[in-house]
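Undergrad: One structure is given below, represented as structure tokens, and several questions about it will come after.
The values are calculated or read from the model by the stated rules, or taken from the named source; none is laboratory data. Small disclaimer: the values here were computed from a predicted structure and weren't measured. Glycine gets a Cβ as well: all are built from the backbone with ideal geometry, and neighbour counts include every protein chain shown.
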Amino acid sequence: MSATRRSFLRATLAATLLAGSLAWTTAHADALEGVRKNGVLRVAVPQDFPPFGTVGTDLKPRGYDIDMANLIGKELGVKVELIPVSSTNRIPYLTTGKADLVISSLGKNAEREKVIDFSAAYAPFFNGVFGPEDAKLAKAEELAGKTVGVTRGSVEDLELSKIAPSGVTIKRFEDNNATISAYLTGQVAFVATGNVVAAAVNDMTKLRRLQAKFLIKNSPCYVGLAKGEAALQAKVNEIIAKARQDGSLNAIAMRWLNAPLPAEL
């Protein structure tokens, strides 16, 4: 192949790639317009992670994230198409254009921010110390002289060990079920666990209902969006801000987490 022919092919290929790139960028820059034009918002949601997303006895999706998806759809004036996903495929559904949003108890970190964009936080997700509603406990230092149950090797175990004061007794159990059972039967006064676990326990029993006492580690949930969707991102943030202000978001938290939204969310 001659040098002239090779140069021509390289130039043609470069032009084709550039045109494709511009077309892709243009298509993705108009996601909000596309949702409104089609009248459908496609949302990836969890199917096996209560209380954020699960299937009810009527075989319909239910949970915090499902309510959030429906709230956004209502504010946009479009129908919502729920797409069940797992923790491993939720981001690929977004990056390949199979979903417009991911609302699936999604935390934000540096690696994910390289691939997708995020909305403002819409749900609390944290590890903390929980105990009876009438127990007075507001900070780690007040654990001195008390007994706390925790699952051995868990994030709660590692983080609590960093801040636990002298005089506290930390009882470690081999799994979450054993930890929660120890609390429900009074073997420990408090328990270190996740707010999702606490909410699920409170849904199952009224025995020694769990109330958050103080935070250990905070990792709220965000709506995931494809990169470069500034208009859609701004609209979702606007909807979240409105839902905070008018109490809609707090109502969802109370329904599924049995607790109001934290002030710092």
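Undergrad: Can you confirm whether segment 84-102 contains a residue that is among the small types (G, A, S), at pLDDT below 95, within 21 Å of D203 (Cα to Cα) and surrounded by fewer than 19 Cβ atoms within 10 Å (Cβ to Cβ)?
TA: Looking for residues that are among the small types (G, A, S), at pLDDT below 95, within 21 Å of D203 (Cα to Cα) and surrounded by fewer than 19 Cβ atoms within 10 Å (Cβ to Cβ), one finds none in segment 84-102, hence no.
Undergrad: A further question follows. Please specify each residue of segment 231-249 satisfying the condition of being in contact (Cβ under 8 Å) with a residue 40 or more places away in the chain and either touching a helix residue (DSSP H, G or I) at 6+ places or on another chain (Cβ under 8 Å) or not assigned by TED's automatic domain parsing to the domain that holds V43 (or both). It would help to see each step written out before you state the result.
TA: At the first step, the residues of segment 231-249 found to be in contact (Cβ under 8 Å) with a residue 40 or more places away in the chain are 231-233, 235-237, 239-243, 248-249.
Within segment 231-249, A231, L232, K235, V236, I239, I240, K242, A243, S248, L249 meet the criteria.
Undergrad: Where in segment 174-265 are the helices (runs of 4 or more DSSP H), entirely inside, with at least 3 residues that are loosely packed, with under 14 Cβ neighbours inside 10 Å?
TA: Correct list: 230-246.
Undergrad: Can you tell me which residue is farthest from V196 (Cα to Cα) among those in segment 21-60 that are modelled with pLDDT under 85 and within 22 Å of the chain's Cα centre (by Cα)?
TA: D48
Undergrad: Say whether the condition of being closer than 20 Å to V197 by Cβ, surrounded by 19 or more Cβ atoms within 10 Å (Cβ to Cβ) and within 17 Å of the chain's Cα centre (by Cα) is met by at least one residue in segment 130-138.
TA: no
Undergrad: With under 20 Å from the mean Cα position of the chain (by Cα) and under 21 Å from V150 (Cβ atoms) as the only criterion, which of A199, A243 stands out? If you could, list the steps in order and put the result at the bottom.
TA: On the way: A243 fails: under 21 Å from V150 (Cβ atoms).
So the residue among A199, A243 that is under 20 Å from the mean Cα position of the chain (by Cα) and under 21 Å from V150 (Cβ atoms) is A199.
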